[in-house]
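Please read the structure below before turning to the comments.
The values are calculated or read from the model by the stated rules, or taken from the named source; none is laboratory data. Note that the structure is a prediction, hence the values are computed from the model and not measured. When we count neighbours, we look across all protein chains shown, and the Cβ atoms used for this are built from the backbone with ideal geometry, even at glycine. Surface areas here come from the heavy atoms of the whole protein model, side chains and all, with no ligands, DNA or RNA. Shrake-Rupley method; radii C 1.70, N 1.55, O 1.52, S 1.80 Å.
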Amino acid sequence: MKLQNGVVVAYREVSATTTLTSTSGPNSGFDYMIGVDTDTNAVTVNLPTTSENGMEAGRMYYIFDLTGNAGTKNITIDPNNASAKISGESTIIINTAYSAVTIAYIKLNTWIIC
């Protein structure tokens, strides 16, 4: 059966610095919702390197403050490559309780905030 124009979303919770891969989860090809537990500490979410095998344009990550402490325990989103940028920035910081950001991979070293 061929899936056409469908979106498959996988959910994952993290509570410590985490490096995502384009094949995280039970199968590859997912977009991801990443719930970040900020109860204990600030957390860095490293995006997959854009040269990684299987990293296709359009892959999206919805990253959000799961526990409402990002105001004091920030969430840093890092493109994980000195040459890569997220909408022109080296990192993105979530620093407001329960806030979220959706990031899409566009091309080599290029992510955008959606």
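What residue, among those in segment 54-64 that are open to solvent by 40 Å² or more (accessible area, probe 1.4 Å) and more than 19 Å from E13 (Cβ to Cβ), is modelled with the lowest pLDDT?
The selected residue is G54.
Out of segment 57-107, which residues are free of Cβ contacts under 8 Å to residues at least 40 places away in the same chain and more than 26 Å from D39 (Cβ to Cβ)?
Hits for segment 57-107 are N81, A82, S83, A84, K85, S87, G88, E89, S90.
Kindly list the number of the only condition in (1) at negative phi; (2) at pLDDT below 90; (3) open to solvent by 20 Å² or more (accessible area, probe 1.4 Å) that fails for T67.
Condition (2) is where T67 drops out.
In segment 57-69, what residues are in a loop (DSSP other than H, G, I, E, B) and either over 14 Å from T18 (Cβ atoms) or touching a Lys or Arg at 6+ places or on another chain (Cβ under 9 Å) (or both)? Break it down into steps so the answer makes sense when it comes.
Keep residues of segment 57-69 that are in a loop (DSSP other than H, G, I, E, B), which gives 57-59, 66-69.
Of everything in segment 57-69, those that are in a loop (DSSP other than H, G, I, E, B) and either over 14 Å from T18 (Cβ atoms) or touching a Lys or Arg at 6+ places or on another chain (Cβ under 9 Å) (or both) turn out to be A57, G58, R59, T67, G68, N69.
Under the condition of being assigned to a loop (DSSP other than H, G, I, E, B) and open to solvent by less than 20 Å² (accessible area, probe 1.4 Å), which residue from segment 70-93 is modelled with the highest pLDDT? Break it down stepwise before answering.
Step one: of segment 70-93, the residues assigned to a loop (DSSP other than H, G, I, E, B) are 70-74, 79-84, 87-88, 90-91.
Keeping just the survivors that are open to solvent by less than 20 Å² (accessible area, probe 1.4 Å) gives 70, 79, 84.
Working: A70: 98, P79: 91, A84: 90.
Going through the qualifying residues, I end up with A70.
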